[in-house]
Structures are given as C-alpha cells and as structure tokens.
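What follows is a short report on a single structure.
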Amino acid sequence: MEERKSHKSAISIQEGVYQPPSINPEVYARSGKKKRKKYSVEEYVSGILSGNRTILSQAITLAESSLPEHYDIIQTIIEKCLPYSAKSVRIGITGVPGVGKSTFIESFGLYIAAKGRKPAVLAVDPSSNQSKGSILGDKTRMEKLSTHPGAFIRPSPAAGTLGGVARKTRETIILCEAAGFDTILVETVGVGQSETAVHSMVDFFLLLMLAGAGDELQGIKRGIMEMADAIAITKNDGTNEMAAGGARLLYQNALHLFPAPPSGWKPEVVTCSALQNTGIRELWMKIMEYVEFTKHNGYFEKRRKEQAVIRMDDTILEYLKNSFRNNDKVKSMRPSLEKLLYEGKITSYKAAISLIDNYLKES
C-alpha cells in the first residue's frame, strides 16, 4: 500500500486558469450605474405627470408585468393618471409584413414632431412561442425618431396574447397620455387578429398596403378593410409609382362596395413614400380632418366611451383567466388530466369542464 501511495502517476492535473468576470467590476463601478430605484405610487404619478421618461418606462414595465404584486400598484397609478389622459389622438397602424410599417412610422413621426406634436410609438414585437423572447428592434429600425427629443418609442413583447397585441397596451396609452404625449401611434405585428384588438383602442385606424405584389385585393381580408379609416399605398417612388397609382384606384373602388362606417366618415385611399417624405403631410391632414369630423358629429366621444367598456370586459377576462390558472385545485388536477388526454382516455371538453367545475367549487 505504501508503495502504491508513493508511486507518481504519469498523469498530472494542471491548475486551471482563473477566468475573469465578463464585466470588469471596476469599470462598472466607474460608470456610476446604480440599482434601479423603487418608487412609491405618488413618485410614479408625479414623475409621469412631469414627463420623466425613466419613471414612465418603469411604470410601463410594471403594467406589462405578470407578477401579482405589481398588479395593484400599477392599477392605482393608472387610476391616478386617468384624469390627465384622453387628450391625445390615438392612431392604429397595421399592414402586411414587408409593407414598411417601421419606415413609415419613423417618417410620419418625424413630420408631426416637427409640427410641435409629441408622438409616442407603441410598437408590439412578436414573441417566440417557445422561448417567449422578443427581439424588440423597433428603436433600431426607427433610429432618427428614437433620438428625437419630442418622441417616445416603446417596443413591447406580444407575450403570447391574442393576435400579437401587447397585454397592457391600453394601460400604456393612458400612461403616455398622462406624460404629455398627444399623438399615440400603435403599430401591430400585422398578423392574426391583432388588427381587431388595436381597432378597439384607437380613434383612427390606418391600413398600409403595398402595390405590385400580385393581386392586391387577395392580400387583405375584407374585415380589415372595413375597419380602416384610410388606406395608404406605401413605397410610391421610383419605378413603383405607376403600380401604386393603380393600386390606389383599385382599393378606392373596392371601398365603395362596403357599407358606410358608423362614424359617417368616408374612407379614402392615398399614396405615400416614407423614403421621399411624399404624401405624409396629406395623410396627416386627412387624420386631422377625420378627428374634427367625428368630434363634430359626436362619434369621437361615443367611441372613447365604448373603448372604456371594452377595456373593462378585457380586464374581467384576464382576471378570470389568471385566477383560474393560479388556483391550487386546478394546478393539482391538471397533470393527471393531461396524462389522460395523452392516453386518449378522456375528451378535451370533459377535462376542461372538470377543471372549471372544481374551480367554481373552490371559489
């Protein structure tokens, strides 16, 4: 045994090389960065009303949070901000992928900012169904607008909500209005039923379309065209001008076949080029004309009241969904029911009813 202990192996273990941290702590300390401060409700409200963008951004993060402890805080903040909101023009912008929504919004935002308006862009980025992650690249795509002192851009992950609309976009609109932003631009991801959801939270709904991509009328659902208060044919420049003009006439004729909208407004089709900044001024004037028209006939105020009711209904559905999923009885029953579903021993309907019945008994 002693011989074996004293025997030196040919294999030797070298000491590992020390790996420094990915961020130099001295550099981080010199940068002056501190831990994010936690604000009280009163500090949030006063910060938002004074136009503090850091506090506004943190409040929006609270609104987007799914943590139960954040819910009561943000609702109190929103309630206190509510009297200072509703003084903006809310514009929903949608269009098929590739139509140039971000390029258009930047050009449009810069134009109205130059006229003294304060635009806030709420751009919803699609989230991954697997990782739940989101690129949130709108500030990169809107480089000039994101650095404009009068503008505010907030990319938000869709986070699996219906149609890709951020779960708390309505609350974010209220916070941005209370912070003094008078033109709210809500960009959809342009897929699914996000258009319907955005239409229920804005005053003016703009549909962007692209000419020269085949049969234009096949590229859009009738329901979306019926919701539109205006249609803009984008990329009306260079060799695409003739195609854009033809598409404008095609869509204008198609709009005549639809029933009159409840607002009494007659939607029109315009052409524009975000690269050359043509048609942007005309489109803004058209939106202002719509706002004046609907305020005069009472539809604008009526629509805002309807949106408050829709927001209440959505809140009820969200609350019930979260309450159901977080119920202890439901969580304990779910694994066994899923096992029976995998084995084909129970129908999805029966499994759902079983969970609902037990949830209601617990309530």
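FYI, it's all coordinate maths here, none of it is from the lab. This one's a predicted model, so the numbers in the text were calculated from it and none came from an experiment. Cβ: placed from backbone, ideal geometry, glycine included. Neighbour counts: every protein chain shown.
Things worth noting here:
- Amide H contacts of residue 156: 123, 124, 125, each under 5 Å away and 5 or more positions distant or on a separate chain (H built 1.01 Å from N in the peptide plane; Pro and chain starts excluded).
- The loop-placed GluC sites (Glu not before Pro) in the range 288-363, going by DSSP, that have at most 13 neighbouring Cβ atoms within 10 Å of their Cβ come out as 343.
- Backbone amide hydrogens, once placed in the peptide plane, bring residue 90 within less than 5 Å of 184, 203, 204, excluding anything fewer than 5 places away on its chain.
- Listed cross-link partners 115/286; 87/266; 118/235; 321/361; 80/118 are compared with a 18 Å cut-off, the Cα-Cα value being larger for 87/266; 118/235; 80/118.
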